[in-house]
Amino acid sequence: MKPLSEGTRERLLKLMATPVRRKYFESLRRMLGPAGLVSIREEQFFLVLAIAIGILAGLSVVLFRIAIQSARLWLLGSAMHPSALRVMLVPAAVGLVIAVVAVRFIPRVRGSGVNQTKGALYIYDGHIAASTVVGKFVLSALAIGSGQSLGPEDPALQIGAGLASGVGRWLKLSKERMRLMVPVGAAAGLAAAFNAPITAVLFVIEEVIGRWSAGALGAVVLSAISSVVVERWFLGNEPLFRVPLYHLENAGELVAYAVLGVLGGVASLVFVKTIKNLRPWLRQLPEWSQYLQPAVAGVLIGFIAIWYPQVMGAGYEWMNLAMHNRFPWEMLGILAGVKLLSTVLSFGSGSPGGLFAPVLFMGAMLGGFVATLEQQLFPAMAVPVGAYALVGMGALFAGILRAPMTSGFMILEVSGNYSIILPVILCNTISYAISRGFQEVPLFDLLSRQDGLDLPSLEEEPEQPTLCVEDAMQPSVVRPLAGDETIAAAREVVSGSVGEHFLVTLGEGRWSVLSREALMAAEDEAAPVRVLLRGRVPRLYQDQSLDVALRFLKDRPMLPVVDRGNLDRLMGVVSIADILGVYRRAGLAEPETVEVS
Amino acid sequence: MYSLPDGRDDVYGRGMNKDTNSCSVCGQPLGENGRCRRCEEATRVWTVRDWRPMLTLGLVIVLGFSFTRLVVGGYDERRNALAEEYYAAGVKALDAQHSAEAVDALENALVYSHGNFQYELKLTDALLASGASTEAMAQLHAFLEQRPGDAQVNLKLARLEARRNHVEDAWRYYQAAIGGAWPELNDPFEQRIDVRFEEAEYLVRQSRTEMAEAALVALAEVLPESSAEQQRLGELFLSNGDAGRALKAYEAALDSCGVAKGGFADGPVGGRSPKPIFSEGEIRNARCQAAVLGTARAELASANYGGARRYLLEIKGVNAEARTLLAQLERMDVLDPFAEESSAQVRARRTVAVFQIAIGRLARCGVPFAQALKGTGRGEDGREAARWSGLARWAEQLTPLMDERKLRGHDDVIESTMRFAFQAEMTAQKDCGNAALDDEALLLLARKRLGVDQ
């Protein structure tokens, strides 16, 4: 607490002049002080802060979406099919501007933003510079609005994380809390961009945090929900996709979904392998070419867009049309292919923007392609094109981004239809298995490793069982001494053993430890053992983790392990040496070198 | 520009944190162990004394809300204006039958007014007009799943099924549209009346007499008597073969014109001229003329020729169809061998004339008697061929008897000849279409003699 100023002190002293007033102010001071009623600890304050971050992130994402749409209107006009001249010139010109700013001034805005956010979390203690946030906002809006084949969700994730980081720095939060701010802000940004809080939370856990962290979960969920509430307040409750109600009528449909899963897996592989090879090749070109790469990508995308304007931008309106059976099967197949090509060009050239929307686009077109082809081959069947498009999105999401849980929940959250779960699981599993079988490293980890970073990955982290007290405890060689038994009796008990410390039970679940030295040095043999004790020790249970046991052990020689049903019943004892022994026996494999494979 | 020693871009900002002796979070100098003491201090406790950052955060949120509200409001206005502009362009293109242009414009409108149901409905109209009926159908079924009671969706599906000649499905959707929820902006009652009319017209066109009758009766029950649509109802009843109800509907239409119902049976009585129904000005009112004409036609269909004549006389001066119908009635009077006060000679002469007219009609239908006798005449099925051959044989039997002298006093032959003529005219009307004045007169005579069901 800051000390009071002189003037304030004088005023307070005057006010406190009478005894009644003094008593009143004394009470007030206690109430407002560090241990008072209106004080809150940082961890509680952090939850409140998570809501505030969610609100701020929601507002920023709303503005971001409007910025993208305004940029689109300004640069390409209002028609869904812009003129050929605009389509050729605008992405190239804007690409040039973006490249100059990004390469020269704010290189951190390049890329999707997901692995950059993860890097900020694990390497820079949650620090994301304000220039990154502003740069990402402006340049991503320009890139997507000008027609680069990229999406807004990943940048929204980074913008949210950056906002949270800024707020954390301003409030001077502890280092531990600062690290938590990044996933909190990231989840808020992504949830608002995607209008799907559960999906955002799962994605942040799977991809940004990279491990299950119960400590962050509460704050992450709060921020995601509050950002979605804000976003829906301004932009309405309309779902991203209006999908017809779906019912699995015929088990034979699952065969078609399996085919979709296979195609999704293959498409995922093609996409990831292409980025994996193209990106480093582009980066190794001369430095001056870095300024031109987004512009060249823009020219190529513009060329494609003359015939297929659907490839420009995120493409949500086209996905909706595909879901409503508006394209013939040939067109759907072509769109999936050209979108893959356009996205590879945009992303590989370093334009700031995300992969979520293009991945969903490719999946929707691929799913629609399978459905409409099935309609052609089996005209008697009623094929729900919208459902196939939706499942296709999940398949590509699982195959390319390798976030299987996120992709499954995303489909359910977006469609609101749980009867689609079976095809989703089938398709996602097949696509994921194919992608993982032929491309070991997931995309975002691949990108990080290409940049020379080794960040944790939920997929790659080997599953290790949690070690618990039961694994380390040893049987007690000597029965526990009773607090009421005499020192003489106690000496007899311990006389045959070699241990230096012995447990003493005091009844009602209380325990202590007594050293041999203290026992032997006692003068009055008739006195109870209790008089030699210097305090109680905590008890452990078999199911507790060794981490908890270590925190309790501190510098004590041993701790009792008791039965949860009978606190006076000793199950065993645990010492530091026992715990270290368990860890040695359960050693992990040596970490691999950082390879881009 | 940030770059790493190995030349890669510093996309993670590694070069930023150049001072390795201060904490990257709070900026304080690091301790000897390289850790920041301040950040690792005992957990901080927030109190009311720390009100400045909390208040500032709250103010930032409030300002953020206000600013975002302004921006969103401005963008929404622009978006709504664009949506309306594209929608208007789409409707205009659709009206001008430029369906592809209409589809483009309406899709653009939906980009800026996502989920606007009216726009989506109009888009389905454009898709139908452009021939993309599969897509339109899919879209409509999707709407139906979300809004099963929506009348507009059901109506569009009805029209789609009607185009595909799925009568039962179309009828079902029409019924759902009639009973469904209509937007309050347009008068739901009027909308339902319009749909009832559409349904009835469709069923009449499809010759589903019973279904059409049920629909028309239901419509008659809800249509106000004073409605200008009574005439339309009458036409539909008449087309469906229900002259009685058609007459009632036309009479209601006449009422709304302020015209007295009924006329004199069988022409003027006692030599008096019938009192005019209309004044000079009213007679030129097209709606009232049509009502009068419709009433006359209903009277004709009911074989009440006197009443029909009464109405036709009123408008013969301004209506060509009335003149034609009157001419048919007059010709009927001339051809009728059973007219009152006809002598035997007149009867015989008229009978021969009628026979000649009937034979001429058969000949114009393109049925040589020889072919008909052999059963190789017109008609693709055996029954039709048999009907024609039957007529031909009948004609062969009657031909030798068609002499005025032979017919005098033989009313049975006259009767048989008339029946033959009636049968020939009715068969020819079904198979050969439009008839001449004499043939129409004979049909009127047939109705008079044989009953209104003919």
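In this view, the solvent-accessible surface of A:CYS468, computed with a 1.4 Å probe and all protein chains in place, comes to about 30 Å².
For the pair the range A:502-518 / the range B:285-349, the C-alpha centres are spaced 127 Å from each other. Peptide A:71-82 has a mean of 3 when you count, residue by residue, the C-beta atoms of other protein chains within 10 Å of its C-beta. Computed over the alpha-carbon pairs of the range B:170-266, the distance histogram in 10 Å steps reads 16, 44, 29, 9, 2, 0 percent, short to long. When the Cα atoms of the range A:463-505 are aligned to their principal axes, the ranges along those axes come out at 52, 21, 12 Å in descending order.
Once the other residues with Cβ under 14 Å from the Cβ of A:VAL477 are scored (Lys, Arg +1; Asp, Glu -1), what is the net sum? Local charge sum for A:VAL477: 0. The equivalent ellipsoid that matches the C-alpha gyration tensor of the protein assembly as shown spans semi-axes of 91, 33, 32 angstrom, in descending order.
Mean partner shielding of peptide A:432-440, defined as the number of other chain Cβ atoms within 10 Å of each residue Cβ, is 0.
Here the dipole of the protein assembly as shown is about 2560 debye; that uses its Cα centre as origin and unit charges on the Cβ of Lys and Arg (positive) and Asp and Glu (negative). Could you list log10 I(q)/I(0) for the range A:293-404 at q = 0.09, 0.17 Å⁻¹, which the Debye formula gives when each Cα is one point scatterer? Taken in order of the listed q values, log10 I(q)/I(0) reads -0.23, -0.76.
Sorted largest first, the spans of the alpha carbon positions of the range A:423-513 along the three principal axes are 73, 38, 22 Å. When the residues B:TYR75, A:TYR291 are ordered by accessible surface, computed with a 1.4 Å probe over the protein chains alone, the sequence from largest down reads A:TYR291, B:TYR75. Between amide H atoms placed 1.01 Å from N, distances below 5 Å from A:ASP568 occur with A:GLY509, all of them 5 or more places distant or on a separate chain. Protection proxy ranking of B:322-328, A:53-59, B:289-295, by the mean of other Cβ atoms within 10 Å over each peptide's residues and highest first, is A:53-59, B:289-295, B:322-328. The Cβ shell under 13 Å around A:PHE327 holds other residues with a net charge of -2, Lys and Arg each +1, Asp and Glu each -1. Each of A:SER419, A:ILE430, A:ALA488 was scored by the projection of its Cα onto the charge dipole of the range A:414-488, and the greatest displacement toward the positive side belongs to A:SER419; charges sit on the C-beta of Lys, Arg, Asp and Glu. Per-residue accessible area (protein heavy atoms, 1.4 Å probe) orders A:MET405, B:MET402, A:MET362 as A:MET405, B:MET402, A:MET362, starting from the largest.
DSSP H helices in chain A with Cα extent of 27 Å or more along the helix axis and mean Kyte-Doolittle hydropathy at least 0.0? Result, helices passing both filters: A:42-76, A:84-104, A:175-194, A:214-235, A:253-283, A:329-348, A:356-377.
The mean number of partner chain beta-carbon atoms within 10 angstrom of a residue's beta-carbon across peptide B:137-143 is 4.
Per Stokes-Einstein, at 4 °C and 1.567 mPa s, what whole-number D in µm² s⁻¹ belongs to the range A:498-560, with the Kirkwood radius over Cα pairs as the hydrodynamic radius? Diffusion coefficient, whole number: 100 µm²/s. For chain A, lysine pairs separated by 8 or more sequence positions, or belonging to different chains, with Cα-Cα distances below 25 Å total 17. A probe of 1.4 angstrom, applied to the heavy atoms of all protein chains, finds B:PHE67 with accessible area near 110 square angstrom.
What you get for the range A:389-473, charging only the Cβ of Lys and Arg (+1) and of Asp and Glu (-1), is a dipole of about 520 debye around the Cα centre. In this Cβ point-charge picture (+1 for Lys and Arg, -1 for Asp and Glu), chain A has a dipole of about 2380 debye about its Cα centre. Among the GluC sites (Glu not before Pro) in the range B:101-195, those placed in a DSSP loop whose Cβ has at most 11 other Cβ atoms within 10 Å are B:GLU184. For the range B:94-110 versus the range A:73-134, the spacing of their alpha-carbon centroids is 34 Å. Taking all protein chains as they are arranged and a probe of 1.4 Å, the heavy atoms of B:GLU229 leave approximately 60 Å² accessible to solvent.
The values are calculated or read from the model by the stated rules, or taken from the named source; none is laboratory data. What you are looking at is a predicted structure, and each value in this text was computed from that prediction instead of being measured. When we count neighbours, we look across all protein chains shown, and the Cβ atoms used for this are built from the backbone with ideal geometry, even at glycine. Ligands, DNA and RNA are stripped out before the accessible areas are found, and what is left, the full protein with its side chains, is counted by its heavy atoms. Shrake-Rupley method; radii C 1.70, N 1.55, O 1.52, S 1.80 Å.
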